[in-house]
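A.B. asks: If you scroll down you'll find the structure; I have some questions about it.
The values are calculated or read from the model by the stated rules, or taken from the named source; none is laboratory data. Remember, predicted model here, so these are calculated numbers, not experimental data. Cβ sites come from the backbone with ideal geometry, for glycine too, and all protein chains shown count toward neighbours. Ligands, DNA and RNA are excluded from the accessible area calculation, which covers all protein heavy atoms including side chains. Shrake-Rupley method; radii C 1.70, N 1.55, O 1.52, S 1.80 Å.
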Amino acid sequence: MRRMALRRLRSAGGLARSLFIYWRPGRQRGLQRLYQPFIQPGTVAFDIGAHLGDRSAAFHALGAKVVALEPQPDLAKWFKRLVKPPTITLLPMAAGPTVGFAEIAISPSNPTLSTLATEWREQIGERNAGFSQVRWEQRLRVPVTTLDALIDEYGEPSFIKIDVEGFEAEVLAGLSCPVAALSVEFVAGALEINNACVNHLSRLGEYRYNVVAGEQRHFRWTEWQTPQAVSEWLSTGAEGLPSGDLYACRSDHRLLLNDA
């Protein structure tokens, strides 16, 4: 009983920290500025690993038809409290390379940290000091879909956000068409995952890349980079950044044509 009470207390504290990070005043305006080049009213956007729904809210504010995946029931409840529009489709699922079921590991003290990536979970604490105290104490069996299956049902998205704690390459393995634009999280100590993402996207089409560091809301580079350049950047340590998001934009995207 006492252990359960302590776990609930840690979870509440972790949730409070996440609410402050992702829903602090002014953040939504910055997110909407960041995503505006990728989303036109009426287009589809996927939020894979929706967590507390801050990205889904920004996509919806820009006029997107949002499909959000969040397999954790507790986070899904908070998503529904925070993100009011009933037009957002929230699915209690994860994404992966194939349709089926999988076990997700959850950190009660950091409820927005959950992963299907077993090897990543076992190694990241040794590779990245920021994860050294994370304990994955809960397990949950969840349904898994693929990006291809979502596209078949909801249409091709103008943007896909993927934040799934080390499972990004597996999620992209379920994509067989070159979508317009997407982002995948990167974390120091596991940058080989992002190189795998770049390699997969290169097999699908021609892309250019940019980076947002941490929870910032602006691009790090004035010019979008080639796959070779971003792979070298990742292989040499990503300038020591602890985390962030790698953005991929198809070469015929209007954002790149406008910058040409």
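A.B. asks: Can residue 251 be described as under 20 Å from the mean Cα position of the chain (by Cα) and surrounded by fewer than 20 Cβ atoms within 10 Å (Cβ to Cβ)?
C.D. replies: Criteria not met by residue 251.
A.B. asks: Is it the case that the range 224-234 has a residue that's at pLDDT 95 or above, among the aliphatic types (A, V, I, L, M), under 25 Å from residue 24 (Cβ atoms) and in contact with a strand residue (DSSP E or B) (Cβ under 9 Å, 6 or more places away or on another chain)?
C.D. replies: For the range 224-234, residues at pLDDT 95 or above, among the aliphatic types (A, V, I, L, M), under 25 Å from residue 24 (Cβ atoms) and in contact with a strand residue (DSSP E or B) (Cβ under 9 Å, 6 or more places away or on another chain): absent.
A.B. asks: In addition: Give the number of residues within the range 132-149 that are open to solvent by 30 Å² or more (accessible area, probe 1.4 Å) and either in contact (Cβ under 8 Å) with a residue 40 or more places away in the chain or among the acidic types (Asp, Glu) (or both).
C.D. replies: Result for the range 132-149: 6.
A.B. asks: Here's something else I'd like to know. Are there any pairs with C-beta distances below 9 angstrom linking a residue in the range 65-87 that is within 21 Å of residue 155 (Cα to Cα) to a residue that is at pLDDT 90 or above and acidic (Asp, Glu), with the two at least 6 apart or on different chains, and if so which?
C.D. replies: From residues that are within 21 Å of residue 155 (Cα to Cα), the pairs are 66/47; 67/47; 67/153; 68/47; 69/47; 70/47.
A.B. asks: Same structure again: Residues to consider are 148, 74; find the one that is within 27 Å of residue 211 (Cα to Cα) and not small (Gly, Ala, Ser).
C.D. replies: Residue meeting the stated conditions: 148.
A.B. asks: Name, by its number, the condition in (1) hydroxyl-bearing (Ser, Thr, Tyr); (2) without any contact (Cβ under 8 Å) to a residue 60 or more places away in the chain; (3) crowded, with 17+ Cβ neighbours inside 10 Å that does not hold for residue 222.
C.D. replies: Result: residue 222 fails condition (3) only.
A.B. asks: Please identify the pairs in which a residue from the range 168-196 that is of a type in the set (D, E, K, R) has its Cβ atom under 8 Å from the Cβ atom of a residue that is in a loop (DSSP other than H, G, I, E, B) and surrounded by fewer than 20 Cβ atoms within 10 Å (Cβ to Cβ), counting only partners at least 6 apart or on another chain.
C.D. replies: Correct list of pairs: 170/97; 185/163.
A.B. asks: Among 199, 210, 194, which is the only one that is of a type in the set (S, T, N, Q), under 16 Å from the mean Cα position of the chain (by Cα) and in a helix (DSSP H, G or I)?
C.D. replies: After applying the criteria, what remains is 194.
A.B. asks: Quick check on residue 177: is it under 15 Å from residue 161 (Cα atoms) and either open to solvent by less than 80 Å² (accessible area, probe 1.4 Å) or in a strand (DSSP E or B) (or both)?
C.D. replies: Against the criterion (under 15 Å from residue 161 (Cα atoms) and either open to solvent by less than 80 Å² (accessible area, probe 1.4 Å) or in a strand (DSSP E or B) (or both)), residue 177 does not qualify.
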